[in-house]
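Values in this text are rule-based calculations from the coordinates and carry no lab data. Because the structure is predicted, anything quoted here is derived from the model rather than measured. Here the Cβ is made from the backbone with ideal geometry for all residues, glycine too, and neighbour counts use every protein chain on show.
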């Protein structure tokens, strides 16, 4: 049974056993049964507890074995110590899906961890799928089947079903978020809490939801990332299906990470890496619970935005100013309307209003509702506008009428319409509800509205970009000797074979060699001592610049050899590299490669000097990358202005730099699993058309044992 | 009558006339009367409209003159064209306070602007105070007196009075914010909308509220700043009274500013300046409507926080992680508890919980309510903790019990307790209301909670800081010739008299002078051509470095004179400055002075080079500043690490740099109103103990006419 099938089964049981059920329906072990009754579960319910004969009208069985019919899902609310026995009974009874509510596993320490492993092993052998342990359960919203003890299941109103699927590692957070979203009339298809996720994890659930026909928006709360490759695969699938994958990722701070480990025994990757991966693969990032709900709302409407050009209509000048204030830093454009359209708007609104975007239709709209809706109608067919924001403070009957009309207009157009209603529930609540029920995104503040539009536009753009995927070009052969440390000379040879320019140079191996070559060196040169045992050349005083003739070369050679000897008498010296002095004006970059335990080979770049040391101004992508991605990496840097050419500085060869990035990213992929760290530093970037040159570099290879394990 | 008295009178009328009243209580001109009736106004209501004889049970008068009794406040809902006549009637009837609802003034163009001026002039002569025009009105919440037509006045529930005063330039935003805050049980003393604020403006209202006994928290929504000096005076008063002044400032973006001008004809200052002033004088900045409500909530409780050390208690591990995640970037410290306290907590919570901050008391607290409250009790007397966060997802009766207990504990301690309840209104709403009514700040997300604590801690720290105010030391004499442009030599002379080191130098005025001094110059020197007509010396090629002897000096002299001649044949040349070459390693800074139209002389500083050009990394304060403020300016810079000494670089003379900043700020104050711009660039900062030196500088003085107008 695939995991997708297992989840399908968990969500759609026709018969449910509840092991360790309590008659006290206010207790954790009583609630799951109460919830099934409350929401009128149509299948079989089998309470299991040797203490009782009957619970309400249901026969209670001493053990799973004694149940007369088949059992699709067993909810297990017994102590962790009895778990192995219960699993045996499940096996005997051919129960293939269980939900473990209890704690007392990995989160409690070593003993619990051992028990957890035993349980998992036993379940795998028996072909049983486990949700949990240490979880609150799940909810099939479409069918109104709650399996668990969340307080959100205790509503008497029933659930609002819709197109949002939500997988959460935390039960408390997951179901309270669900409850809050339901209050704003966001409909769900399913909510699943994975807890200690020893078998089914959040990404499995996300995978199921992406493929689920009834789900158009998938959201996940993740404390750790169980499988980096899988997350990337899911992100690509999200793009292909145009179903946004919204992720709220916890454990971003150092203390947060510690708490995450004691909480669910999960490892949290570095936040910078995660953010970079999210950007590269188009995950939609939520920063907190509110943000997640706001995003669910705008995406569940299912519209796309063709760009960043927004027009706003409001009956309050202040709201117009606020929207303009927020749009600028968000990168939204309050578009200047074509004259014709502006004239049309001018005819509709009062003379003291403003038809200049942000459009102010004034409080006159209080009297004449058509002003609002006519203005909106005038804009929905305007090609220069990608999204429309409507802001109102109107309540009561007038507010409701306007909202009904907005909802009608929204149905007639593919253009996103997002509404801000700043007002109390008492006065404006009904209008808001009208919009929510029509799936028109509505927020209480202009800031939330503008953020929602921006995220919609970003995801739409990402989905529409037909970027080919980066592939290795195949011209990079695997080196035979990928072990130990490659110093400058070896690294440069490799870079040169990748088509990256390096300075012309000669490695002078010894004094005889020196005599042989000294006449043919193209002076002036730089001399550098090459030794695996000297990683920072300046520490060993083993660099001499501006060597102009054979005599100076001899002097430099002797001086470097003796400096290295003083620095480390045992150092192996490969020789002295005499290299052409490149004198063109340049900007200094660095390019690095590192292996992330979750996401594999990453390529990192940044400007040198203070940009790295003071500003930590770097950009990260998973290798390999395309030209376009390489360019995006550069654009992201604060120091990008230096490459573009700021005051006085000329424009640099950005094209050559992106090519170098792409090639090094391919190299990183080719050697995936073997590179421990790689640094090209500095890489000089010359004026446009003059290329780049790698001035120094180092690769530290993984020890062979590690490499074997990591390589794919 | 002072403005404070005028506002007091507007807020507390015993008799009210409504001019231009309509019988249609759903219209703008009918609503004010309906609202007074709805909220059972206890004084006299005099409707005025020649069309009616009676409105409900009230006699309606043809004009103000016909009213038999005295009138404290007249609400005026007639067209702007009739305004002058109505004012005459007010004068005749001795009505001293009026509220003008109507639009049709400055916001409509030139004609409206003229009318507005006439109205104001007439009112001043007659001793009449005006609120508005183009405003919705005001609300005395304590006495339940609504004067105006806001939809927020249409509530049947009555208003919740409390200690928050709110002045808003925008009526729609102001009263919808008020309504939303009331829904969260935030009590107000008064809300005033100033609209076009031709007479009373937002700062007048804030001034009144700060002095009002019933108001402990003052909030303002400002589109423009009518009076920069006054805002600073109010900020100082806010600090002295420990009444936070929360400001939501609109018009921060370029488009926002344009909208602000067409909307209320107000000028918006530069956002960077405003942010700097807010930081310097302790204004609490709200970023949007939500944020403003969140801040009102935490401040209205009236507690102070002694610092940034926070402990969090939650029943969900996820919430603990989230709070840790948010605290780090906010600068809050999740404090490590002393062993003794931690042991106490360990005894209370289940063994699989965590007594390590963030404290996780686990879902066991669902069964045993005392776990929550005992843990809280154990922490309120812990000196190492400045504020406590409680997070719960519990609803129903249990949730209510816990909330009641938290409210009780909150009363017993001066330590701030802030609560997050993440859950739906249906399930957790009642618990939330219990806390709100007890004025315990409660939020729906951890992020909002952590932001609230951070703002509380910041304001408390600001109030507790006994910083002396910066004064001019008096040693700076006013220069006589503050006109035109001061070039390098003159500026350096001034800086030297301020005690700021400049390089030793000689201004060589002509060839004879050159012959006279050339033997006594302390070589090596730098030579620079000095001319008012050459502002950027490199453009004219008028700098020569490393001049080692008299012969080279002569050569440099001739070359510079001829370069300037080539650059600008009409240039006046003061001479060539021969200056010692300072060769100590240094960090380059710039210090500038500019006059802000709203806030007067500002001092600006930053690191040179890319920090300014690429990163726009500057810090701004109003002059004069103290040592402490100068240091804070530096700390704010991203490039501060370079001064502190990053990787390889040594620590710089920060002490000498702050002294230079203080002295230049005093100079700026002394010449307030006369300086157009001033630049010291570069100012070199040497290693600790070695001081600073000003290498170049310029002052552009205002033209005399302007200076006279601006000087105080």
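Tell me, how many Å apart are the Cα centres for the stretch A:475-548 and for the stretch B:595-631? One Cα centre to the other: 47 Å.
Counting only other chain Cβ atoms within 10 Å of each residue's Cβ, the peptide B:421-433 averages 4.
Potential lengthening of the chain between residue B:270 and residue B:126 amounts to 48.2 nm, from the contour at 0.36 nm per residue minus the alpha-carbon distance. What separates the Cα centres of the stretch B:417-467 and the stretch A:175-217 is a distance of 29 Å.
For the stretch B:405-557, the alpha-carbon coordinates run over 92, 35, 30 Å along the three principal axes, in decreasing order.
Restricting attention to the protein assembly as shown, close to 50% of DSSP beta bridges with both partner residues there are antiparallel. Using the alpha-carbon atoms, what tilt in degrees (0 to 90, nearest 10) does helix B:171-183 show relative to the longest principal axis of chain B? Computed tilt is about 60 degrees.
Using a 10 Å cut-off around each Cβ of peptide A:287-298, what is the average number of partner chain Cβ atoms that fall inside? Please list the in-between numbers first.
Values: counts 5, 8, 10, 7, 2, 1, 2, 0, 0, 0, 0, 0.
Average neighbour count from other chains, rounded to a whole number: 3.
Using alpha-carbon pairs under 8 Å, 6+ residues apart, how would you state the relative contact order of chain A in percent? Walk me through the intermediate numbers first.
Working: 1447 pairs, mean separation 56.2, N = 712.
So the answer I get is 8 percent.
Arranged from highest to lowest average of other beta-carbon atoms within 10 Å per residue, in what order do the peptides A:690-700, A:572-582 appear? Mind dumping the intermediate values first?
Details: A:690-700: 20.5, A:572-582: 18.9.
In decreasing order of mean packing, A:690-700, A:572-582 become A:690-700, A:572-582.
Axis of helix A:83-93 versus longest Cα principal axis of chain A: the two differ by about 70°, to the nearest ten degrees.
Sorted into 10 angstrom bins from 0, the C-alpha pair distances of the stretch B:587-710 split as 14, 45, 30, 9, 2, 0 percent.
Size descriptor for the stretch B:49-94, Kirkwood hydrodynamic radius: 11.5 Å (Cα pairs only, one decimal). Taking the C-alpha atoms only, the angle from helix B:370-380 to the longest principal axis of chain B is near 40 degrees. Hey, could you get me the Stokes-Einstein D for the stretch B:304-464, Kirkwood radius over alpha-carbon pairs, 10 °C and 1.306 mPa s, rounded to whole µm² s⁻¹? For these conditions, the coefficient is 103 µm²/s. Shape summary: the stretch A:1-135 maps onto an equivalent ellipsoid whose semi-axes, from the alpha-carbon gyration tensor, are 23, 17, 14 Å in decreasing order. DSSP finds beta bridges in chain A, and of those with both partners inside it, around 50 percent are antiparallel. Of the peptides A:322-332, A:117-127, A:528-538, the order by per-residue mean of other Cβ atoms within 10 Å, starting with the highest, comes out as A:322-332, A:528-538, A:117-127. Rg and Dmax over the alpha-carbon atoms of the protein assembly as shown stand at 36.5, 121 Å. Taking a temperature of 37 °C and a viscosity of 0.692 mPa s, what whole-number D in µm²/s does Stokes-Einstein yield for the stretch B:60-145 with Rh from Kirkwood over alpha carbon pairs? Result for D is 243 µm²/s.
Put in line by how crowded their Cβ is, counting other Cβ atoms within 10 Å and starting with the fewest, B:204, A:570, A:207, B:72 read A:570, B:72, A:207, B:204. Computed extension gain for residue B:412 through residue B:118, at 0.36 nm per residue and net of the alpha carbon distance, reaches 100.1 nm.
Tell me the mean residue ellipticity at 222 nm calculated for the protein assembly as shown from its helices only (DSSP H runs of n ≥ 4, each -39500 (n - 2.57), averaged over every residue, nearest 500).
Details: 48 runs with 554 residues, N = 1424.
Dividing the helical sum by the residues of the protein assembly as shown leaves -12000 deg cm²/dmol.
In nm, give the distance between the simple-model label positions of residue A:520 and residue B:40, each being 7 Å from the Cα along the Cα-to-Cβ direction. Inter-label distance under the simple model: 10.9 nm.
Rounded to whole Å and sorted largest first, what semi-axes of the equivalent ellipsoid does the C-alpha gyration tensor of the stretch B:160-300 yield via the square root of 5 times each eigenvalue?
Calculated on Cα positions only, the semi-axes equal 22, 17, 14 Å.
Summarised in one figure, the compactness ratio Rg/Rh of chain B, Cα atoms and Kirkwood Rh, is 1.08.
By the Kirkwood approach, averaging reciprocal distances over each pair of separate Cα atoms, the stretch B:488-583 gets a hydrodynamic radius of 13.5 Å. Peptide A:405-418 shows a mean partner chain C-beta count of 0 within 10 Å per residue C-beta.
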